[in-house]
Amino acid sequence: MKALKERILRDGKSLPGGILKVDSFINHQIDPCLMRQIAVEFVRRFASSRITKIITIEASGIAPAVMVGLLLDVPVVFAKKKKPSTMDDMLSTTVFSFTKQRNYDVVVSREFLTSADRVLFIDDFLANGNAAKGVACLCRQAGAKLEGMGFIIEKSFQHGRDLLEDMNIRVESLAVIESLDNCQIKIKEE
């Protein structure tokens, strides 16, 4: 996706430790026009799937997930990182956050993820695949069909795609980062 790649190169920042900072347009301050273009591209890529629900994990995946849900006219569910006191019957799994370097228990109400659902997971980043693996686990627990996973940015050097493809999950990434060596952003050309 050309507009996204150009924006990453212009406004993204590479930090030591393999961190790509895109908080000025994706996951803190959000550029809604770019987010709409991102959602249109996800809808195009998953057009042949019969998606009935979008799922993400709070918080950075919510904006793109809602945009995709709006275009597909399907509900959006976000897994919560803390169990609400009002949630009794839930699905739960543990996810390790690369960014925060800690484990989170993520939960979804059984009411909102069921065996009738055909699910598309949308998130901002694919790195090691931990969040995606957690969502796959939640879908299995619910008996939902996981149609695929869409990521705005994939860091291919962290091998999350390999993990997901070994699980027979369809993966679509809009921008693939080959390297952040020496704090330089190198994007894979299509």
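The values are calculated or read from the model by the stated rules, or taken from the named source; none is laboratory data. Just so it is clear, the model here is predicted, and its values are computed rather than measured. Using ideal geometry, Cβ is built from the backbone for each residue, glycine included, and neighbour counts are taken over all protein chains shown. What goes into the accessible areas is simple: the full protein's heavy atoms, side chains included, and nothing from ligands, DNA or RNA. Shrake-Rupley method; radii C 1.70, N 1.55, O 1.52, S 1.80 Å.
Residues of the stretch 143-181 that are under 20 Å from Arg7 (Cα atoms) and either open to solvent by 20 Å² or more (accessible area, probe 1.4 Å) or of a type in the set (S, T, N, Q) (or both): Ser156, Glu172, Ser173, Val176, Glu178, Ser179, Asp181.
For the stretch 20-63, the set of residues classified as open to solvent by less than 60 Å² (accessible area, probe 1.4 Å), among the hydroxyl-bearing types (Ser, Thr, Tyr) and either within 20 Å of Ala116 (Cα to Cα) or part of a strand (DSSP E or B) (or both) consists of Ser49, Thr52, Thr56, listed by residue number. Taken over the stretch 64-78, residues that are open to solvent by 30 Å² or more (accessible area, probe 1.4 Å) and of a type in the set (A, V, I, L, M) amount to 6. How do the pairs read when you match residues in the stretch 91-113 that are part of a loop (DSSP other than H, G, I, E, B) with residues anywhere that are surrounded by fewer than 11 Cβ atoms within 10 Å (Cβ to Cβ), using Cβ under 6 Å and keeping only pairs 6 or more apart or on different chains? From residues that are part of a loop (DSSP other than H, G, I, E, B), the pairs are Arg110/Asp89.
Just one of the listed residues (Lys53, Lys83, Lys5) is basic (Lys, Arg) and modelled with pLDDT under 95, and it is Lys83. Scanning the stretch 111-141 for residues that are in contact with a strand residue (DSSP E or B) (Cβ under 7 Å, 6 or more places away or on another chain) and open to solvent by less than 20 Å² (accessible area, probe 1.4 Å) yields a count of 16.
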